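Participant: The structure follows.
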């Protein structure tokens, strides 16, 4: 059953068996790492990569041993945007094709209809998703990072929305999301200019932290492991859903959000995570959630 205060349709989610050639997936200590793996093309995005990425994210969302997801890129880049061959194909056809059909994996779908769309599905995944931006992120790569819950980047990584230099509109709902992350003025700058900027030059609100490249994955790994082990999975899941529900204004006004939180508070106090959290506090030890 969904937590009190949430209304969503439960749908059957079964991982689709897809051979992964351009995405790597591994799980360690409760953290699933999804690595975009076309380093020779700076992990440029293709329909195949989209399919494999969705499959990996769905697997992570279904695996009870996974509590946190990290998304990064192989080699020097995070994701250089859409593959140039794919862009040329769209130009030849004269229209956009995603390369996906109704059989494609649907991670995050079914929580709220507002999240049932490409990239927005990240908000429907009940586990925190962290972008480790190890190198350039452009176009869809930039959007992918923005739809993650937290973003850490390597110093010197080049970022850009990119669409303006291709004669395209702002893509994947960035005209909705970016103002909420960095404010209207900064969002207008990044969207209207499509300029390239370095991670250390990012406007406030876009990145959680910037590290020298050789320290990025260690720092992200440490953060993700602490999040996986020190915080109640039930709390993280519900809090993420509160965050995006209220970001959309779907929770109503502050009083409605408070009322819902009180109802959820009462329900979750009957749960195992709460009992373990209190026991750990009283016994002055680290909590052992899920044991």
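Participant: Please list the radius of gyration and Dmax for the range 232-283, considering alpha-carbon atoms only, with Å as the unit.
Facilitator: In Å, with Rg to one decimal and Dmax whole: 12.7, 40.
Participant: Ignoring solvent entirely, what values of log10 I(q)/I(0) come out of the Debye formula for the range 27-66 at 0.14 Å⁻¹ when each Cα is a single scatterer?
Facilitator: The Debye formula, applied to the Cα set alone, gives -0.36.
Participant: When a footprinting reagent is the concern and you count Cβ atoms within 10 Å, what order do 142, 111 take, fewest first?
Facilitator: Ordered by Cβ neighbours within 10 Å, fewest first: 111, 142.
Participant: Calculate how many DSSP beta bridges within the chain are antiparallel, expressed in % of all such bridges and rounded to the nearest 5.
Facilitator: Of the beta bridges lying entirely in the chain, close to 30 percent run antiparallel.
Participant: In deg cm²/dmol and to the nearest 500, what is the mean residue ellipticity at 222 nm of the chain if only DSSP H runs of at least 4 residues count, each as -39500 (n - 2.57), divided by the residue total?
Facilitator: Helix contribution divided over all residues of the chain: -12000 deg cm²/dmol.
Participant: Distance between Cα centroids, the range 38-71 to the range 227-291: provide it in whole Å.
Facilitator: 27 Å
Participant: Moving on. What's the long-distance tail for the range 96-148, i.e. % of Cα pairs beyond 13 Å?
Facilitator: 63 percent
Participant: Also, quick follow-up: Could you tell me how many degrees, from 0 to 90 and to the nearest 10, lie between the Cα long axis of helix 47-62 and the main elongation axis, the longest principal axis, of the Cα atoms of the chain?
Facilitator: Helix 47-62 sits roughly 10 degrees off the main axis of the chain.
Participant: Can I ask one more? Arrange the following residues from fewest to most other Cβ atoms within 10 Å of their Cβ: 225, 160.
Facilitator: 225, 160
Participant: Can you compute the modelled spin-label distance between residue 29 and residue 255, with each label point 7 Å from Cα toward Cβ, in nm?
Facilitator: 4.7 nm
Participant: Hey, another quick one. Taking Cα atoms, how many degrees apart are the long axis of helix 184-193 and the longest axis of the chain, rounded to 10 and kept between 0 and 90?
Facilitator: For 184-193 against the chain, the angle is about 30 degrees.
Participant: Among 161, 239, 28, 33, what is the fewest-to-most ranking by other Cβ atoms within 10 Å?
Facilitator: Result, fewest neighbours first: 28, 239, 33, 161.
Participant: What is the helix-to-structure angle for 233-247, meaning the angle in degrees between its Cα long axis and the longest Cα principal axis of the chain, kept from 0 to 90 and rounded to the nearest 10?
Facilitator: 60 degrees
Participant: The chain: Rg/Rh from Cα coordinates, Kirkwood Rh?
Facilitator: The Rg/Rh ratio comes out at 0.97.
Participant: Roughly speaking, what is the centre-to-centre gap between the range 145-196 and the range 205-224 when only Cα atoms are used, to the nearest Å?
Facilitator: The range 145-196 and the range 205-224 have Cα centres spaced 19 Å from each other.
Participant: Can you work out the FRET efficiency for the pair residue 19 and residue 286, with r the C-beta to C-beta distance and R0 = 41 Å, to the nearest 0.05?
Facilitator: E between residue 19 and residue 286, to the nearest 0.05, is 0.55.
Participant: Let me ask another. Within the range 195-232, list the residues whose amide N lies under 15 Å from a label point set 7 Å along Cα→Cβ of residue 155.
Facilitator: In the range 195-232, the label zone of residue 155 (backbone N under 15 Å from the point 7 Å along Cα→Cβ) covers 198-202, 209-217, 219.
No lab work stands behind these numbers, since they all come straight from the coordinates. These numbers were taken from a predicted model, which means no experiment stands behind them. Here Cβ is always computed from backbone atoms with ideal geometry, including for glycine, and neighbour counts include all displayed protein chains.
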